[in-house]
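Chemist: This is the structure I want to talk about, given as structure tokens.
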Amino acid sequence: MRRRLAVLLAAAVVTGPLVVSATAQPGLGLVDVTGLTAAVEGRAVGLDWSPLDSDRDLQVLRDDAVVATLPAGSTSYDDAAVRPGRTYAYRVAVRKPGKPGKPKATPRPVPVTLPEYLVGAANRDISPAGVVNVGGFGVGDGTAIPDALVGRGGTARTEGDRVRTRAMVVDDGQTAIAIANIEVTGHFAAYEEGEWGLEDMAKRVAAANPRLPLGNILIASDHTHSGPDTLGVWGGPTPEYLDFLRDSVVAAIEEAYAERQFAALRAGESDASDLIYNQSCTEALNQSKEPAYPGPEVCATPGKDGMFRVVQATAPSGEKVVTWATYAAHATAGGGSGLHGDWPQFLSDLMSKEFGGEGLAMVGALGGTQPCRPTCSFTSPSNPGYDIADRRTALMANYSRHVRLALAAAEPVSGPVGAQRGYIREAITGPAVTALFTAGHYAGAELIRSKQPPWVNAQTIRTVVGAMRIGDLAVIGTPGEGFPRIGQDVRDAVGDERMVIQLGLAGDMLGYLIAPAEYVPIIAAEVPVNDNIIFNVSPTIGDHVACADLRLVLALGFSGASPADCLAYDLVDATGDPIGGLPVGGVTAP
């Protein structure tokens, strides 16, 4: 934005009623400047006009109210005390000399309509120094369980790629929300030995900015299987790295808020179902171009979420502020070297380069599905990466194509911004999760999530659920690798015409959230080839999260109703978590 004589109102943070200095008095008469133009620039309306041959102070009027008095000779002013979605009419004038009299006929005021939102985005490099434990495959750090037996993520150092945390803020002038992603294997709501959790990060942002309260902040991880292990299952991180990571996430969100500017939003989606496979279907046998299983399709737990969902913010200048894409592919697609954030990192960087502004790619419904790497036998040959040998290049060709297709079909987003947050509690019945809590440290695989109240009370665990609204977009957070049924239940309740964006590993990381619960025995039977039942807290946690997310979405004003199946969960959650107040922590072996 160009340099101006006028002072930007400190009210760049648009809150509360607009304050004006006086009201214009037509009886005194005004002489308007000529050549007045008005344009939206950043977070203000920029006014310019031709020089006026007068030694009198100028007055800037918005909707016939004086908002500033400027020295004679001024030719520009930035009005930052304006709200998104409003239309204003501007004049710049000097008072007529002499006594009050009939006002002089003046030019028509210049109108300006502001975009409906303020949007900001930012990122921070979170690449660790030196060699670190990598999460994602097998279990343990290799000290007790042989790598050859179960495999493990191993160790790696940062090479060409840089893992990052990326954040965006959307503000309608009344309510602001923040969404952030961390390119690590997973991150807990709270940690045993320090204030490093996603809840702690959100609390720090909220303490510094009352317009971003705790419930308006949603932080997720991308579950890269080539990034730093921040869970402890593969040896874990150092306290120094967790300090650095927390501070970086907080800084990225705070910068995204500070960099908000007026922008219009549009959202679209593109069907990329042929680029992922359901692990419980026979299509999982066909992970290469030539089918290994040519027989009829059989699916024990049908369903997958194959939609690429994209939201883009564009400033009035045409510049892109952020391009946000979500897709339900595990970050196991590969193609990088050293430490990296897998496809979410690659796509984020690519979108930044292609569109400008920030790119923000996040994982969606991860439960029960995996990505083709890069093609399966059922992948359409029309994908631009179909015959590309390099995996990363092929994946980015395919994924970026769907980003462009989604944007080509995108429609404007309009309406209020809002957020709801809640907590649910589940019994810990999964034997593998119990073992990692109680004895994981003996195998170099200790879960470093907090085991203290209210996060763990005896044999129960508390986690975070959240929902956000951006116009007609509903965003739901699943605190782990949620099955696609969770998002579909919300879509069924509120109507498929609304876009429901399900985010994985949001607010917490509690493994697989199998839904519906009747799928649990089937998933358990697939344990030789499917680890979804191993990393599972309880058989009902997926359904519980689905009902809680739906309840929060409805509280945001979406029309619909909870199904009867949610009644029991709703009643339990309505008690306000009395167990959380009991001074009993820890988890015991069954």
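What follows draws every value from the coordinates through simple rules; no lab data is involved. All of these numbers come straight from a predicted model, not from anything done at the bench. When we count neighbours, we look across all protein chains shown, and the Cβ atoms used for this are built from the backbone with ideal geometry, even at glycine.
Chemist: Would you mind computing, in nm to one decimal, how far apart the modelled labels at residue 527 and residue 571 are, each placed 7 Å from Cα along Cα→Cβ?
Modeler: 3.3
Chemist: Length gain on complete extension for the stretch residue 414 to residue 174, per 0.36 nm per residue less the alpha carbon to alpha carbon distance? Don't skip to the end; give the middle numbers.
Modeler: Values: separation 240, 0.36 × 240 = 86.40 nm, distance 1.41 nm.
The residue 414-residue 174 span can extend by a further 85.0 nm.
Chemist: Going by amide H atoms built from the backbone, whose H comes under 5 Å of the H on residue 133, apart from near neighbours?
Modeler: Excluding prolines and chain starts, which carry no amide H, the hits are 229.
Chemist: Now for a different question. Rg and Dmax of the range 179-254 over Cα atoms: what are they, in angstrom?
Modeler: Answer for the range 179-254, Rg first and Dmax second: 12.0, 38 Å.
Chemist: Another question, then. Please compute the length gained on full extension between residue 162 and residue 34, using 0.36 nm multiplied by the number of residues separating them and subtracting their Cα-Cα distance. Display every interim value, and only then the final one.
Modeler: On the way: separation 128, 0.36 × 128 = 46.08 nm, distance 5.20 nm.
Gain on extension, residue 162 to residue 34, equals 40.9 nm.
Chemist: Right, something else. If you rank 290, 526 by fewest surrounding Cβ atoms within 10 Å, what's the result?
Modeler: Numbers: 290 7, 526 17.
Fewest-to-most ranking of 290, 526: 290, 526.
Chemist: Sticking with this structure for a sec: Give, as a single signed number, the net charge of other residues whose beta carbon lies under 12 Å from the beta carbon of residue 254, with Lys and Arg counted +1 and Asp and Glu -1.
Modeler: On the way: positive: 124, 204, 211, 260; negative: 247, 255, 259.
Residues close to residue 254 contribute a combined charge of +1.
Chemist: Hey, which lysines would be in cross-link range of residue 96, C-alpha to C-alpha under 28 Å, not counting anything within fewer than 8 residues on its own chain?
Modeler: 104
Chemist: With θ set to phi - 60° and the Karplus curve 6.51 cos²θ - 1.76 cosθ + 1.60, what are the ³J(HN,Hα) couplings of the range 220-227 in order, to the nearest whole Hz, using x for Gly and Pro?
Modeler: 10, 10, 9, 6, 4, 8, 9, x
Chemist: To continue, here is another question. For the chain, taking Cα atoms only, what is the radius of gyration to one decimal and the Dmax to the nearest whole Å?
Modeler: 26.9, 96
Chemist: Another question, if that's okay. Given R₀ = 22 Å, what would the calculated FRET efficiency be for residue 534 paired with residue 458, taking r from the Cβ atoms and rounding to 0.05? All intermediate terms of the calculation are to be shown ahead of the outcome.
Modeler: Details: r = 23 Å, r/R0 = 1.03.
Approximately 0.45, to the nearest 0.05.
Chemist: Return the sequence-ordered ³J(HN,Hα) values of the range 494-506 in whole Hz as given by the Karplus equation 6.51 cos²θ - 1.76 cosθ + 1.60 applied to θ = phi - 60°, using x for Gly and Pro.
Modeler: The phi angles translate into 9, x, 5, 6, 8, 7, 10, 9, 8, 9, x, 6, 9 Hz.
Chemist: Next question. When the Karplus curve 6.51 cos²θ - 1.76 cosθ + 1.60 is applied with θ = phi - 60°, which whole-Hz ³J(HN,Hα) does each residue of the range 258-269 get, with x for Gly and Pro?
Modeler: Each residue's phi maps through the Karplus curve to give 5, 8, 4, 9, 5, 7, 9, 10, 9, 9, x, 9 Hz.
Chemist: Still on this structure, please answer the following. Do the sum for the chain: with -39,500 (n - 2.57) for every DSSP H run of n ≥ 4, divided by all residues, what is the mean residue ellipticity at 222 nm, to the nearest 500 deg cm²/dmol?
Modeler: Values: 10 runs with 115 residues, N = 590.
Result for the chain, helices only: -6000 deg cm²/dmol.
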